[in-house]
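The values are calculated or read from the model by the stated rules, or taken from the named source; none is laboratory data. No experiment lies behind these values; they were computed from the predicted model shown. Cβ atoms come from the backbone with ideal geometry, glycine included; neighbour counts cover every protein chain shown. Remember, those area values only see protein heavy atoms, side chains included, never the ligands or the DNA or RNA. Shrake-Rupley method; radii C 1.70, N 1.55, O 1.52, S 1.80 Å.
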Amino acid sequence: MKFRDNLLHLRQQRNMTQEQLAMLLGVSRQSVAKWEAGQSTPDVDKLMRMADLFDCTLDELVSGDLTQREVDAREVIPEGTPVDDVCGYDAHMRSFALKVATGVAIIIVGFALAALFDALALGSVSEAASPAAFLLCVALGLAFILPAGMAHSSFAKSHPFVEDFYTEKQKAAEQRSFARSITIGIVLIVLGVATAAVADVSSNDLLRESGGAVMLAFIAVGVWLIVHGGIIHGLMDVENYNREREGEKNEYNDPRISRACGIIMLVATALGLLMLFGSMAASDMGNATLTAVCSYFWAVWPIGGILCAIASVAMKRPEAK
């Protein structure tokens with residue numbers, strides 16, 4: 001008896017869809033379909049999980065005959081049963097959104113604190129406090145973003161397919177929440193810019209000098225709302241999540257692309273840090289031109305991301321296109 005016959009029988013007798021089995025095993029729906037069609041066989045760890053799920057031994061599942069086994073009625077999924085979030089997708093994505101949005105906002109707050117210390121003009125204290133506050137916020141922001149990114153990468157690898165369990169009511173409610181987040185976020189950013197413009201023409205020196213810090217504080221809150229709302233809105237598009245996972249299989253399994261992107265981002269990070277500290281040194285030396293150029297140190301990371309995307313497209317193997 002073939003494994004695929006046992007799998008097909010055990011799944012169908014439980015009224016389980018290929019999507020549901022894929023979610024329980026942490027594989028794509030296409031993998032389950034290929035197993036049942038006899039086009040491929042699962043890894044040993046997946047076989048062991050199936051044996052546990054279907055309450056049989058590994059030998060019975062692979063080489064035995066389970067097509068005559070009666071299934072306990074309690075194991076049969078009733079018709080019309082709502083899809084469950086068996087892999088914790090919603091909780092993971094909401095945690096990911098919170099951490100990434102918070103990390104980005106903290107980095108912007110770092111700029112605000114640096115500008116505030118400069119505005120206070122505390123002499124030698126300001127010179128030390130401004131870069132220290134900025135670097136501390138960058139480190140704290142990255143402490144949120146990087147672990148969240150690694151956790152998301154691990155989750156996506158373990159769960160390449162998720163069946164859409166969100167109801168239309170939930171999607172509609174999230175659409176309204178997303179619109180509110182974007183609107184309020186944009187309003188806060190505009191208010192920040194307006195506050196800076198008003199402060200710039202103020203006769204009060206402290207108010208004029210601290211206008212940039214206030215603007216960045218408004219922007220930090222606005223960006224938090226936009227980033228958080230955008231990720232939460234995106235999590236509702238489960239079909240897009242599945243398409244991205246399928247695309248990653250074709251695109252990033254090529255070690256050449258991984259190495260190229262790694263090198264690009266390492267160079268970008270080194271250049272960004274060099275420009276950051278170069279900006280501080282140029283400011284101390286009074287070189288306004290070099291200070292202005294180095295102040296755009298943050299731009300190297302998005303540029304690195306763009307170069308990585310270009311490299312991915314250029315280096316794709318013909319069959320992956």
- Applying the selection to segment 152-172, what residues are out of contact with any helix residue (DSSP H, G or I) (no Cβ under 7 Å at 6 or more places or on another chain), surrounded by 13 or more Cβ atoms within 10 Å (Cβ to Cβ) and part of a helix (DSSP H, G or I)? K171
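State the number of residues belonging to segment 15-46 that are among the basic types (K, R) and surrounded by fewer than 17 Cβ atoms within 10 Å (Cβ to Cβ). Talk me through it step by step, then tell me what you get.
In the first step, residues of segment 15-46 are kept if they are among the basic types (K, R); the result is 29, 34, 46.
Within this subset, residues satisfying the condition of being surrounded by fewer than 17 Cβ atoms within 10 Å (Cβ to Cβ) are 34, 46.
Of the residues in that region, 2 qualify.
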- Somewhere in segment 75-89, is a residue at pLDDT below 80, assigned to a helix (DSSP H, G or I) and of a type outside the set (D, E, K, R)? no
- In segment 203-223, is there at least one residue being outside any helix (DSSP H, G or I) and open to solvent by 70 Å² or more (accessible area, probe 1.4 Å)? yes
